[in-house]
Amino acid sequence: MPGLLTNSGDSSSIVPYSPTTTTPTVYTLHHGLTSPITPRLSISWSRGNSLRVTVFRSPEPASNSGDDEAGGKVVDLKLSGEDIDSEISDAARWRRIAYGSVAPFAHLQNKKNAMAALAELRHSVSYDGEWSKYVLEYSKQINSLLGSKKSSPPSLIEDPKTVLKVEEPNSLKAAWELLEIFYADKQSHPWIPEQLVDWLSDYDALFSGQVPSVHLRLVEFQAELINMQAVENEPAYWQAISSALAVGWLDIVVKLLRLHGSYQLHQLGARETENGLVEAVAVLVSKMPRMRVDLPSGKLGECYNNKSDFMRAWEKWRAQITKLDCSAFWLQCSHNQTKENLKNLLQILLGNTSTLSSATCHWVELYIAHFLYIRPFTSGLESMYVLAQKCIQLKPVSTHHKLMRLILGILEENTEVVLAECSRSFGPWMIAHATELLTAGSVEAEILLKEERDNLGGISIEESHRLVYAQVLSSHALTWQIAPIYLISCVKHGVGLLEILLYKQPAYHSQVLLKNIEICRMYDLDSVSSNAMKIAGVHHWKHGRKGAGVFWLQQAGDETRLNRIAQKLFDFVGKSISDESFEQWEGLIELLGSESRTAGGLEFLHKYRDFKKSLQQVQDGVSIDAARKAVEALISLMKNPSTPQRFWLPLMYDSLKLLNWQERPLLNVSQTNLLLNKLQELLVARLRPDFVEVALPPEASSSVRVALATNLGRAILEE
Amino acid sequence: MMTMMMMLRVNNGSITKVVWVPPEYGDAIACICSDGSLSIWEEISEDSEPVQWKQCTSFGGPLDQVLDGQFGNSVSSLKLTIAYSNGLVKKPDLMEKSIATLDKGTICSSWNYCGQRLATGLIDGIIAIFDTSDPASSFFTSTFKFKVNNGSITKVVWVPPEYGDAIACICSDGSLSIWEEISEDSEPVQWKQCTSFGGPLDQVLDGQFGNSVSSLKLTVAYSNGLVKVYEILDSMELKNWQLQAEFQNVTDSLAKFGKASCSLASISWNPQRSESRPASFVLGFNSDTPQLNSPKVWEFDQDHQRWLPVAELGDNGDLVNALAWAPNIGRPYELIAVATSKEISIWQMASNPDANGRLSVEKVGMFPCHDNQVWQMEWDMSGMTLATSGTDGRVRLWQSNLNGIWHEQAVIESAT
């Protein structure tokens, strides 16, 4: 399985086909206890990647230690997750990205399923063109989540007096854009060189932390600029211009050129030729032909969107540069530094390799410079890779920046390296979302990512990455709710993990339970939701909330437990059949419902409730009709075979008022006889050892007997 | 012109490298010295004293030599990565949060199914239950305390939640008692004892609940090498249990070993709750009888209502310290981790029996323990990562890579 601890800096767990020997990363746990040195630990996984470690201080009895220190600590460790990319260390921001990426991801999965269904219907392969459109749309949506386009260096120069304040670009976005350029945006492949130029201008700052960069050079120059009198005399000025030119930041170049002293009004007369040359270079720079559809406002160059037009313009432009280079005006330029450095700029424009190399700081910049001034077209990734290797030779680095490694992996067409790099440097979020771009990019990548592997327990690399990401989401109370969307896209193991995730939610919190039920309904996980309702039901029942307990057990359809509850009620009613306890369980009987499937005992309870109700009305002194109803209920109860024997006497004792009804006998002869027989049966049963005596006054049975006898006499007379 | 303002001695050896701490954290430096230590010093004025450079902390030393240390300055926190001469890269900053402080004398603990309640056992026989004050909070405080035994508590196990909030406590006197949180007759919620197994003459070593869909089973292993499986009679009551089976942990049903003396037993149920699969668990002993020791997988034969040994994980009779059956989210095989006195091993077991009714097994990972005796093993909820804790006071995490090779992924050690 892929490494969960991808932030460990140890790539091996995620790199396919890596060497098997690895060194574990060592983390330190700060539990704050002073002793002992090797404490006893107890471990327990919580949801996702959260591990709870209990540190026990000592096994001595409490009384032996005189100090105030606690006996142990429990520490919750998040073994990977939102902190995976140090740049997105702000948890709230990370959650915004996590939540924001759900909709594009789910939408794309729906499209995929719909297209697969359609393809099956037509017995044909799905239409690739349409799919790439969806993938690009998805990529753009995700990209926009990662932050807005960064302000690039021009703004730095615009007002040199302002303190440098640029929003730091993030490498997550930079990496995503690289993937988008190479894998998702197939329509724009002819424009890859120009896209890379734009990419570098947005993200060159990211390299600054590790290697010198043109961006850093410009930032430093800007800081010095305030103190410079005649910029054209400063080597830093020319260096800044040539560097900016080499990586194609033309607007900056033109702006900087116009800071040249010869533009100052009082200088114009004396340095006319010099100024003309500076301006001529500035014009040539701003007229540079660009092989692209359009340019953002403020950017310079002339766009051509087809190759032949571009080539014509490119040749013409270069001819103009050569012409200027050979011009006689240079002889009239008295300012030596200006002359030399302008000529140097022309060399950059003409694509002089050594000039480009000295103007750039690291190999990616040199690489971009190649596309701008030497080879404005690409001819496949292979040649792009060869060129990158050449640039690395010219500008070697001790360790490649993570984005450099990513670029190399892409150019090398090595999906494994790209995957490893995405996972190692950018974390589970990146890899879970980027696989869609990778698989859209190439058949080889698709095979690699989607092939089911025995080593992974029968799942594909793509699925394993999604599972890992879902685990990360599951670790946090605020993100577990979106994990199901990713799990459900995992055809083989997703549902299994989802079931466990849902099982591990505290079902007795009603909010959680309702959320649980909602998710189960969405994905047809009936057994999971009924189990959660069962847990909630038992919890409420055992904690004295009987009504809620019965309700949830009914929702869960848990016949076994409901039957047990019915039995309990039954026993309970048998124990105390007094009026006071009646209300207490009346609601429960109501809840348990009248359907016979919930135990025979319940049928009795229902009749008993009806009887009690009408008896209550009789006590309250209502009409004779109520009394008649009560008698009917009594007779039906006594006739019913499910009425337990131990209830017979209490029932009749409760009905004494009915038996002794003043106005007229309420029971006819046969009814009275039925009750007398029951009483007789009871007296016989009393002799048996298993007879359960009910708590009634000792005279109960004789009072009932007398009442029945009186009633019988009156009934005979009446009939 | 720079002048020297301060001078301080940080080490008796030479200083090989100085790194400034990011300015957001004050004026401070990290000094890596020739003796292999990295110490952090801060310029600070405390208690109205004049400004001084004071040592804040130190990492590494002669036995644990630091080669390099670098600060990473993210927005929210300061991180320090240290490279050691033994090739380890240490990241002292782990995302960690203290969530509970335990009472003195606590010696064991257990979380419930959803990680929302903690039961801890004390050396004086008291159980303390910890809860959060509200669901959103993540700090746990003690809510119930009750004495279950005169001896000490050695293990706490939660009963599956379908049967309420209840625990089984195994105590030093050899008893296993089940306690339940319940409110009866409109009384407030209390912890009450439901039942108890074993005792001084019949010592319980381990007890684990198996939660099949239809009923609750409890496997209890005794110090005399006997295993008993109990089944609950009434799903709403934890009082009444029926003895379903009693056997020894041997594959040959005819072999009987008397007078076994066991010091530890480990039981791990198959965590999968499925109606289609028979109930099963793995069991191993740490005893003087090698035949009882080796972990065996027992499966319930529904048709004949009996337990059958279906697999054996190694047959060398090594003393078993811990067992853990991994959750299976869809693998075509099961994974079981075994910790013996010699090694930690990870076993693959077929899900379906061969012609002889046995499940074929294969040891797919093996790591010698050296001096470290494993105390506890736990699989994460996906069954992808195994965590172990042991006598060396470290937590180790184990994972398989994309080639199916198991390796030690990380070590978590206590700050000294």
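The values are calculated or read from the model by the stated rules, or taken from the named source; none is laboratory data. None of the values given here were measured: they were computed from a predicted structure. Using ideal geometry, Cβ is built from the backbone for each residue, glycine included, and neighbour counts are taken over all protein chains shown.
Looking only at region B:380-405, how many residues end up being under 12 Å from the mean Cα position of the chain (by Cα), under 18 Å from B:Ser268 (Cβ atoms) and within 7 Å of chain A (Cβ to nearest Cβ)?
Final tally of qualifying residues: 3.
If only one of A:Ser243, A:Ser208, A:Ser188, A:Ser171 is in contact with a Lys or Arg (Cβ under 6 Å, 6 or more places away or on another chain) and small (Gly, Ala, Ser), which one is it?
A:Ser243 is the lone residue from the list that is in contact with a Lys or Arg (Cβ under 6 Å, 6 or more places away or on another chain) and small (Gly, Ala, Ser).
Does B:Thr132 satisfy being surrounded by 22 or more Cβ atoms within 10 Å (Cβ to Cβ), of a type outside the set (Gly, Ala, Ser) and more than 7 Å from every other protein chain (Cβ to nearest Cβ)?
no
Look through region A:469-492, keep the residues that are facing chain B (nearest Cβ under 8 Å) and in contact (Cβ under 8 Å) with a residue 60 or more places away in the chain, and return whichever of them is surrounded by the fewest Cβ atoms within 10 Å (Cβ to Cβ).
If we take residues in region A:469-492 being facing chain B (nearest Cβ under 8 Å) and in contact (Cβ under 8 Å) with a residue 60 or more places away in the chain, then A:Gln471 is surrounded by the fewest Cβ atoms within 10 Å (Cβ to Cβ).
Return the total of residues in region B:161-199 being assigned to a loop (DSSP other than H, G, I, E, B), within 13 Å of another protein chain (Cβ to nearest Cβ) and surrounded by fewer than 19 Cβ atoms within 10 Å (Cβ to Cβ).
8
Please go through (1) within 23 Å of B:Ser196 (Cα to Cα); (2) polar (S, T, N, Q); (3) touching a residue at least 24 places away in the same chain (Cβ under 8 Å) for B:Gln242 and return the number of the only condition it doesn't satisfy.
Going through (1) within 23 Å of B:Ser196 (Cα to Cα); (2) polar (S, T, N, Q); (3) touching a residue at least 24 places away in the same chain (Cβ under 8 Å) one by one, B:Gln242 breaks only (3).
Tally up the residues in region A:316-329 that are touching a Pro at 6+ places or on another chain (Cβ under 9 Å) and loosely packed, with under 15 Cβ neighbours inside 10 Å, please.
1
Answer yes or no as to whether B:Thr154 is more than 25 Å from A:Ala507 (Cα to Cα), within 11 Å of chain A (Cβ to nearest Cβ) and of a type in the set (Val, Ile, Thr).
yes
In this structure, does A:Lys339 turn out to be closer than 24 Å to A:Ala230 by Cα, more than 43 Å from the chain's Cα centre (by Cα), at pLDDT below 95 and of a type in the set (Lys, Arg)?
yes
Only one residue in B:Leu308, B:Leu323 is at pLDDT 95 or above, more than 14 Å from chain A (Cβ to nearest Cβ) and under 25 Å from B:Ser253 (Cβ atoms), so which one is that?
From the options B:Leu308, B:Leu323, the qualifying one is B:Leu323.
Among A:Glu365, A:Glu413, A:Glu444, A:Glu382, which is more than 14 Å from every other protein chain (Cβ to nearest Cβ), buried (at least 22 other Cβ atoms within 10 Å of the Cβ) and either among the acidic types (Asp, Glu) or in a helix (DSSP H, G or I) (or both)?
Going through A:Glu365, A:Glu413, A:Glu444, A:Glu382 in turn, just one is more than 14 Å from every other protein chain (Cβ to nearest Cβ), buried (at least 22 other Cβ atoms within 10 Å of the Cβ) and either among the acidic types (Asp, Glu) or in a helix (DSSP H, G or I) (or both): A:Glu365.
So, B:Met377, is that one hydrophobic (A, V, I, L, M, F, W, C), more than 7 Å from chain A (Cβ to nearest Cβ), closer than 21 Å to B:Asn270 by Cα and without any contact (Cβ under 8 Å) to a residue 60 or more places away in the chain or not?
Criteria met by B:Met377.
Please find, among A:Pro698, A:Pro650, A:Pro689, A:Pro644, the residue that is in the same structural domain as A:Gln616 (by the TED database) and under 30 Å from A:Glu718 (Cα atoms).
Of the residues listed, the single one that is in the same structural domain as A:Gln616 (by the TED database) and under 30 Å from A:Glu718 (Cα atoms) is A:Pro650.
Taking the stated definitions as given, is B:Ala119 in a strand (DSSP E or B), facing chain A (nearest Cβ under 7 Å), in contact (Cβ under 8 Å) with a residue 24 or more places away in the chain and buried (at least 20 other Cβ atoms within 10 Å of the Cβ)?
Spelling it out, it is not the case that B:Ala119 is in a strand (DSSP E or B), facing chain A (nearest Cβ under 7 Å), in contact (Cβ under 8 Å) with a residue 24 or more places away in the chain and buried (at least 20 other Cβ atoms within 10 Å of the Cβ).
What do you reckon, is A:Ala230 in contact with a helix residue (DSSP H, G or I) (Cβ under 6 Å, 6 or more places away or on another chain) and without any contact (Cβ under 8 Å) to a residue 40 or more places away in the chain?
Against the criterion (in contact with a helix residue (DSSP H, G or I) (Cβ under 6 Å, 6 or more places away or on another chain) and without any contact (Cβ under 8 Å) to a residue 40 or more places away in the chain), A:Ala230 qualifies.
Going by the conditions given, is A:His509 free of Cβ contacts under 8 Å to residues at least 24 places away in the same chain, within 24 Å of A:Tyr99 (Cβ to Cβ) and facing chain B (nearest Cβ under 7 Å)?
The answer is yes for A:His509.
Being in contact (Cβ under 8 Å) with a residue 40 or more places away in the chain and not aliphatic (A, V, I, L, M) is the filter here, so list the residues in region B:147-171 that pass it.
Correct list: B:Ser152, B:Thr154, B:Lys155, B:Trp158, B:Pro160, B:Pro161, B:Glu162, B:Tyr163, B:Gly164, B:Asp165, B:Cys169, B:Cys171.
I'm trying to understand the selection: among the residues of region A:271-318, which are part of a helix (DSSP H, G or I), among the charged types (D, E, K, R) and over 23 Å from A:Trp199 (Cβ atoms)?
Of everything in region A:271-318, those that are part of a helix (DSSP H, G or I), among the charged types (D, E, K, R) and over 23 Å from A:Trp199 (Cβ atoms) turn out to be A:Glu272, A:Glu274, A:Glu279, A:Asp309, A:Arg312, A:Glu315, A:Lys316, A:Arg318.
Could you please give the count of residues in region B:254-270 that are within 18 Å of the chain's Cα centre (by Cα) and free of Cβ contacts under 8 Å to residues at least 60 places away in the same chain?
1
Run B:Ser235 past the list (1) assigned to a strand (DSSP E or B); (2) crowded, with 16+ Cβ neighbours inside 10 Å and report the number of the one that doesn't hold.
The failed condition is (1).
Look through A:Leu498, A:Leu478, A:Leu394 and report the one residue that is over 23 Å from A:Lys140 (Cα atoms) and at pLDDT 95 or above.
Being over 23 Å from A:Lys140 (Cα atoms) and at pLDDT 95 or above holds for just one of A:Leu498, A:Leu478, A:Leu394, which is A:Leu498.
Mind listing just one residue for me: the one in region A:619-672 that is surrounded by 13 or more Cβ atoms within 10 Å (Cβ to Cβ) and of a type in the set (Gly, Ala, Ser) and, of those, nearest to the chain's Cα centre (by Cα)?
A:Ser642
I'd like to know if region A:285-294 contains one or more residues that are of a type outside the set (D, E, K, R) and closer than 21 Å to A:Ser357 by Cα.
The answer is yes; a qualifying residue exists.
For region A:231-270, which residues satisfy the criterion of being outside any helix (DSSP H, G or I), at negative phi and modelled with pLDDT of 85 or more?
A:Glu234, A:Val247, A:Trp249, A:Arg258, A:Leu259, A:His260
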